[in-house]
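As structure tokens, the structure follows; a few thoughts come after it.
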Amino acid sequence: METENNLIQAHLRGDRQAFRELVERHTPGIYNLAYQYTRDQMEAENLTQETFLRVYRALSRFRPGSPFRPWLFAIAANLCRNWSRQQKETSFTELNSQGETDDQPLPMEQVQDLLPLPGEILETEELYSALQDAFEHLPEHYRLVVILYYTEGLSYDDIAQVLNIPLNTVRTHLRRAKQHLRQILEQEFGALS
Amino acid sequence: MNLIENISCAAARTQLDDYIAGNILPGDRRSVGTHLRSCSACREIFEAHWQMDRLLMLLPRTFPRETLANEILVRVDRADLRQRWIALAGSVVWGVLILWVLYSTWLGLQEGPLAEVINMVMNEPALLWRFPLEVIGAILENLPIFEFASIVILVSVGVWLLRRYLPGNMGPAPRSMREAT
Ligand SMILES: [Zn+2]
């Protein structure tokens, strides 16, 4: 399989098939990010299209040899955040306003420790859908980190690069995301001991 | 001698995520592991992290419609075509402007002092090798500077426009990822 860098060089030499290959290879990842972020198929498709349109325009200045995937995801993530800014009402305003600000790096010690969910919950069939519900209620910036890490498999370093945040903030966001999820699952399943 | 690195609960807890993710140096990994085996409080927190980690791995990946990639390519092609038309239209306008300035310059040359210099040289070509510097000086001195500058500016702008909007080379370069959007 051709590397992304080879495909980009081929595209710049006028090989139309090369850009097609890039689009086909990365549409699922970008769509997944956009869909998990917006939870709306139409918006996700628009954001995916817009991402590749911008990639097409910017490819000629892509630095050869640098990793393509983080660069691509950075474009998509920025578009997602712009989209979010344009949305007047967000359902997570409440969660966000509980003393947390975007991208504020906190020492890990200040992030509260997690406690395990009781075994009975893990055995329930509702857990899977509860998890998805809980995920939808995560603050957006945590959701981005979670998607990039857990479903797209990017490393902490890549995520820091994609979102333009310090490495430690990536760790803090992931940790807080887990806490939020646990809290939401807790509410979903009633008081947990 | 059995060396067991003893680390504090706080130190172990800050490294739990990296420990689970495998983003940890072998020495630190051993210290955290040793600590977890001997400290039930930290072990409980580790289990919670590990549990959430497994849960998050269950998050489903959503796949796009099969035709989406094609639709993207169609949209990119359309945008590309639009850019080509813009470039073509821009080139035509610029070409006409350049021709117009060239024409008016040529008209000006028919009667101006430069025309006299050229006529003189045409009538007596020997001037060219006998007094080359004087001839060039006379031409430069009488060159209609406004028209000449206009031609240079128009040609430069035209070349810049073509380079900017030629397919595959559209838009200014992003210096960083943020700028790329
Ligand atoms: Zn401990």
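The values are calculated or read from the model by the stated rules, or taken from the named source; none is laboratory data. Because the structure is predicted, anything quoted here is derived from the model rather than measured. Cβ sites come from the backbone with ideal geometry, for glycine too, and all protein chains shown count toward neighbours. These accessible areas exclude ligands, DNA and RNA; they are computed on the full protein's heavy atoms, side chains included. Shrake-Rupley method; radii C 1.70, N 1.55, O 1.52, S 1.80 Å.
Things worth noting here:
- Karplus (6.51, -1.76, 1.60) ³J(HN,Hα), θ = phi - 60°, over the stretch A:146-160, in Hz, Gly and Pro reported as x: 4, 4, 4, 7, 7, 9, 9, x, 6, 7, 3, 4, 4, 5, 4
- Per-residue average of Cβ from other chains inside 10 Å of A:27-36: 5
- Mean projection area, nm², convex hull over Cα of the stretch A:1-94: 6.6
- Taking 0.36 nm per residue of separation and subtracting the Cα-Cα distance, full extension of the segment from B:F148 to B:W50 would add 27.8 nm.
- Summing +1 for each Lys or Arg and -1 for each Asp or Glu among the other residues whose beta-carbon sits under 10 angstrom from that of A:F73 gives -1.
- Per-residue extension of 0.36 nm, minus the Cα-Cα distance of B:R29 and B:E111, leaves a gain of 20.5 nm for this segment.
- Measuring r between the beta carbons of B:E124 and A:M1 and using R0 = 45 Å, the FRET efficiency lands at 0.05.
- Given charges at beta-carbon only (K, R positive; D, E negative), |dipole| of the stretch A:1-94 in Debye: 420
- Rounded to the nearest 500, the 222 nm mean residue ellipticity of chain B from helices alone is -24500 deg cm²/dmol, with -39,500 (n - 2.57) taken per DSSP H run of at least 4 residues.
- In this structure A:Y149 has an accessible area near 50 Å², from a 1.4 Å probe over the protein heavy atoms.
- A 1.4 Å probe run over the protein chains yields, for chain B, 66 Å² of accessible area per residue, whole-number rounding.
- Rolling a 1.4 Å probe over the protein chains gives A:E45 an accessible area of about 20 Å².
- For B:V155 and B:V74, a Förster radius of 41 Å and the Cβ-Cβ distance give a FRET efficiency of 0.70, rounded to the nearest 0.05.
- Calculated SAXS-style log₁₀ I(q)/I(0) at q = 0.29, 0.30 Å⁻¹ - the stretch B:3-58, Debye, Cα scatterers: -1.22, -1.28
- Between A and B, roughly 5400 Å² of accessible area is buried in total, ligands, DNA and RNA not counted and the probe set to 1.4 Å.
- What a 1.4 Å probe finds exposed on chain B is 65% carbon and sulfur by accessible area, rounded to a whole percent.
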